[in-house]
Amino acid sequence: MQQSFHLDHIASLPYFLEKTIFKGLVFMTHATKAVYKFLLSDYVKVSKVSIEDILYDEQDILRFMDKIEVIDFHQSGKLVISVDGNVAHLDKWSGNVESQNEGLKESVQVAFRRIQNAVKPIPLSVF
């Protein structure tokens, strides 16, 4: 899960989803998806690499954008995570995970805790 939104962190995502065997899901808010498409399109336009070396083009971006699942920032409920036919349900607020597969359940719990520890709220006194 990516929590940071800098081009040097996110620019490889279309390549990863279009040119590798990864078949997972990508979640973004509406606003993030809109900005992301603009950034990627601009990146392709200003890239000064040969056609043989380009990682992805506008058509790859369009196919990739269709794979993004849009979620509401304040949406409550559970995310469904599917890996190799195994399913886990993650309550995005509490971190509780339900799954028949104990290995997947533990992996999702660990990932959730890591993200939770990495993302710190910005104090209002900064503004």
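Derivation of every value follows stated rules applied to the coordinates shown; laboratory data play no part. This structure is a prediction, so every number in the text was calculated from the model and none was measured. Neighbour counts run over all protein chains shown; Cβ positions are idealised from the backbone, glycine included.
Brief remarks on what is shown
- Of Lys19/Lys92; Lys45/Lys67; Lys37/Lys105; Lys23/Lys48; Lys45/Lys92, pairs whose Cα-Cα distance is over 27 Å: Lys19/Lys92; Lys37/Lys105; Lys23/Lys48; Lys45/Lys92
- Estimated distance in nm for a label pair at Lys19 and Ser50, the labels positioned 7 Å out from Cα along Cα-to-Cβ: 1.5
- 3J(HN,Hα) along segment 109-114, derived from phi through the Karplus expression 6.51 cos²θ - 1.76 cosθ + 1.60 where θ = phi - 60°, amounts to 4, 4, 4, 4, 5, 5 Hz, with x in place of Gly and Pro.
- Between Lys92 and Asp66, full extension at 0.36 nm per residue minus the direct alpha carbon distance yields a gain of 7.1 nm.
- Among 45-52, 83-90, sorting by the average number of other beta carbon atoms lying within 10 angstrom of each residue, highest first, gives 83-90, 45-52.
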